[in-house]
Amino acid sequence: MTKTLFSQWFPGLVQLKHYQNEWLANDIRAAFSVVAVALPVAIAYAQLTGVSAIIGLYSCVLPMLVYAFMGTSRQLIVGPDAATCAVIAAVVTPLAAGDPIKHWQLVMTMTAMTGIWCILASRLKLGIFADFLSRPILLGLLNGVALTIIVNQFAKVVGLKYEQRYLLERLWEAPQRLAELHWPTLGLSIATVLIYLVTKRFRPTWPAAMLAILVTTASVWLLHLEEQGVSVVGVTQGGLPQFQTPEFELGVVRELVVPALNLAIVSFVSMMLTARSFAAKNGYDIDADKEFRALGFANIASAFSQGFAISGADSRTAVNDANGGKSQLVSIIAAITIAVIAVFIYQPLQFIPIASLGVVLIIASLSLLDLKAIWTLRKRDKDAFYLATITFVSVLVVGVIPGITLAVLLGLFQFLRIVMRPSDQILGLDEEGTIRTIDGTGKASPIPGMVIYRFNSPLTYFNAPYFKRRLLEHTEHTKDVGCVVVDAVSSFTHLDLSVMATLAEVHETLKKRGIRLILAGRKRRLRQWCELTGISTSEGGILLRADMYLAIKLSGCYLSAVGEGQVPTVQKEPDLEPAPKPIPEVA
């Protein structure tokens, strides 16, 4: 019992018990490669979040260790993420009202709340949220967030400060203030870009961002560029993080509840996309509910160590995989290395130029920006194109948080639309007697006097009226209908009293027209439900058959259409639908 519970809560540690010695060299190399990429990015994301640079390092250490123990992905690296940091900054900045201490405490509080939402979702088995935000919606969201970050960081790169708060106003403001450029800052930004591009071009395996930050930081220190007005990170208090109890009005917490929920959903969906892609590449599966729990505890660990919200980091995960990382040991080694830097070697962080961090953020955001992918959807799937475009424009026009809320609602509405208005089919038989969809190919033909209907969604109270309307429409459009066969397997999945009441109404309507209603499949269960709700299945009531073929063969419509000599002999009908002969898929 204890062993099973341990494996449920710490799957990462269980996987490490089967560690192979030949993995060690690759894992060490991958770990230091991850550190080289994570350090500048974490510091840059701390600036984006509005907290001290050292907080970016704190946000890497405990979360990486927690995920290494509790996560199910062997390659995934968790840490600061552009989208999550942009969301936190958008929520916390107006609430903090310029108070840096309050800002930091609100960031930690929102991070902890995000973790609590994730743990609650895992407890309720809501790993299905990995599929909740469709790819078009997530594509629009990430493009909007990326463009927002790029515009916001542009001022830091050129040495300006926006007076406007919102994105569209800043887009209008930026060209009007180009005359106020701070040339030393701009020069440093250009140097950062050149170092990055040259490194990527001639030494693609080197950590380009890390090298660019090191060179520009050394330049600031040696040339005293901060005396010329170049903004730097400034004096940073490192060492071990000291836990602080947040001190602000309790009412402010109410403002964080819904944004924290949105952040939990978005960060989880983004993390799962990364984790699943690398798990598929390396030939193993991951558990969505355990991932939700691991993400929750990693966020709580980040808040406890004075950090901010984290998610799956696709760039660092890609570096890990490219360097041959095989296990969670990569995260453990990387976390320990970053911890040593944060506790003992943090003094040089004060010379890092803000402009260089802005360049790193813009480069990271460009990897999220893919407007071409949205435009491509226009030809492939117009509905997906509209969803992606609406989400993208919403983030730009109304802001990140309202845009994310709208994205979540769009995902919900998309699901409800599919369930409330699913596709349906009229079925027939082909020349070999196989049930097929009647379509333009002419492979299947209807049985005279019979309508065979399939409703491609579980029936529930909010789509039962649509089911009734569609079924009656099909019977009206078919001449001389004597019986209607409904595929019960696809639609009658659970007992719903509203559905059973609608079924009784359909039966009465068809009966007045002289049409017999037959339900095919789930015979025993449907009989129990009908008895429970007072629907007759005896003479003159709804007919129940074990499967589609028996429903067709035993119906009077089929007998009169093909002649008794052509009907196979059917012995006593079984009470249960026969498992060895399932209804074939509709072509």
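The values are calculated or read from the model by the stated rules, or taken from the named source; none is laboratory data. Worth saying up front: this structure is predicted, and the values here are computed from it rather than measured. Ideal geometry is used to build each Cβ from the backbone, glycine not excepted, and the neighbour counts take in all protein chains shown.
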Across segment 365-400, what is the number of residues that are outside any helix (DSSP H, G or I) and under 20 Å from L273 (Cβ atoms)? 5
Are any residues in segment 448-481 touching an Asp or Glu at 6+ places or on another chain (Cβ under 8 Å) and in a loop (DSSP other than H, G, I, E, B), and if so, which ones? P448, G449, N456, L459, T460, Y461
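Would you tally the residues in segment 421-465 being touching a helix residue (DSSP H, G or I) at 6+ places or on another chain (Cβ under 9 Å) and of a type in the set (V, I, T)? So that I can check it myself, show each step before the final result.
Filtering segment 421-465 down to residues touching a helix residue (DSSP H, G or I) at 6+ places or on another chain (Cβ under 9 Å) leaves 421-422, 424, 426-427, 429, 433, 435, 447-465.
Narrowing the set further to residues that are of a type in the set (V, I, T) leaves 426, 435, 447, 451-452, 460.
Matching residues across segment 421-465 total 6.
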Do we have any residue at all in segment 410-425 that's part of a helix (DSSP H, G or I) and hydroxyl-bearing (S, T, Y)? no
Restricting to segment 306-321, and then to whatever is crowded, with 23+ Cβ neighbours inside 10 Å and hydroxyl-bearing (S, T, Y), can you tell me which residue is farthest from G115 (Cα to Cα)? T317
Of the residues in segment 523-539 that are modelled with pLDDT of 90 or more and of a type in the set (D, E, K, R), the one that is nearest to L427 (Cα to Cα) is K523
Six or more apart or on different chains, Cβ atoms under 6 Å: show the pairs whose first residue is in segment 285-301 and assigned by TED's automatic domain parsing to the domain that holds M70 and whose second is surrounded by fewer than 24 Cβ atoms within 10 Å (Cβ to Cβ) and hydroxyl-bearing (S, T, Y). I286/T72; D287/T72; D289/S122; K290/T72; F292/S122; R293/S122
Against the condition touching a Ser or Thr at 6+ places or on another chain (Cβ under 8 Å) and closer than 19 Å to A488 by Cα, how does I418 come out, does it pass? yes
Look through L472, L427 and report the one residue that is crowded, with 18+ Cβ neighbours inside 10 Å and more than 30 Å from R135 (Cβ to Cβ). L427
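Any residue in segment 63-71 that is assigned by TED's automatic domain parsing to the domain that holds M271, not in a helix (DSSP H, G or I) and not basic (K, R)?
Pass one, segment 63-71, residues assigned by TED's automatic domain parsing to the domain that holds M271: 63-71.
Then keep just the ones that are not in a helix (DSSP H, G or I); that gives 71.
From what is left, the residues that are not basic (K, R) are 71.
Yes, segment 63-71 has at least one match.
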Across segment 134-177, what is the total count of residues that are over 31 Å from the mean Cα position of the chain (by Cα), of a type in the set (D, E, K, R) and farther than 21 Å from I190 by Cβ? 2
Would you please list the contacts, defined by Cβ atoms under 8 Å and residues six or more apart or on different chains, that run from a residue in segment 164-192 that is free of Cβ contacts under 8 Å to residues at least 40 places away in the same chain and assigned by TED's automatic domain parsing to the domain that holds S219 to a residue that is outside any helix (DSSP H, G or I) and among the acidic types (D, E)? E173/E163
Consider segment 72-86. How many of its residues are modelled with pLDDT of 90 or more and either of a type in the set (D, E) or in a loop (DSSP other than H, G, I, E, B) (or both)? 7
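Got a sec? Which of K372, K382 is within 17 Å of S134 (Cβ to Cβ) and either surrounded by fewer than 16 Cβ atoms within 10 Å (Cβ to Cβ) or not assigned by TED's automatic domain parsing to the domain that holds N262 (or both)?
On the way: K372 fails: within 17 Å of S134 (Cβ to Cβ).
Answer to the selection: K382.
Being in contact with a strand residue (DSSP E or B) (Cβ under 9 Å, 6 or more places away or on another chain), in a helix (DSSP H, G or I) and buried (at least 20 other Cβ atoms within 10 Å of the Cβ) narrows it down to one of V220, V230, so name that one.
Values: V230 fails: in a helix (DSSP H, G or I).
None of the other options fit; the residue is V220.
Quick check: is even one residue across segment 202-213 of a type in the set (K, R) and either modelled with pLDDT of 90 or more or surrounded by 14 or more Cβ atoms within 10 Å (Cβ to Cβ) (or both)?
Quick first cut of segment 202-213, residues of a type in the set (K, R) only: 203.
Cutting the leftovers down to either modelled with pLDDT of 90 or more or surrounded by 14 or more Cβ atoms within 10 Å (Cβ to Cβ) (or both) gives us none.
No, the conditions are met nowhere in segment 202-213.
Does any residue of segment 284-297 turn out to be assigned to a helix (DSSP H, G or I), among the acidic types (D, E) and within 22 Å of the chain's Cα centre (by Cα)? Walk me through it before giving the result.
From segment 284-297, those assigned to a helix (DSSP H, G or I) are 288-297; that's our starting set.
Checking the rest, the ones that are also among the acidic types (D, E) come to 289, 291.
In the following step, the residues that additionally are within 22 Å of the chain's Cα centre (by Cα) were identified as 289, 291.
Yes, some residue in segment 284-297 is assigned to a helix (DSSP H, G or I), among the acidic types (D, E) and within 22 Å of the chain's Cα centre (by Cα).
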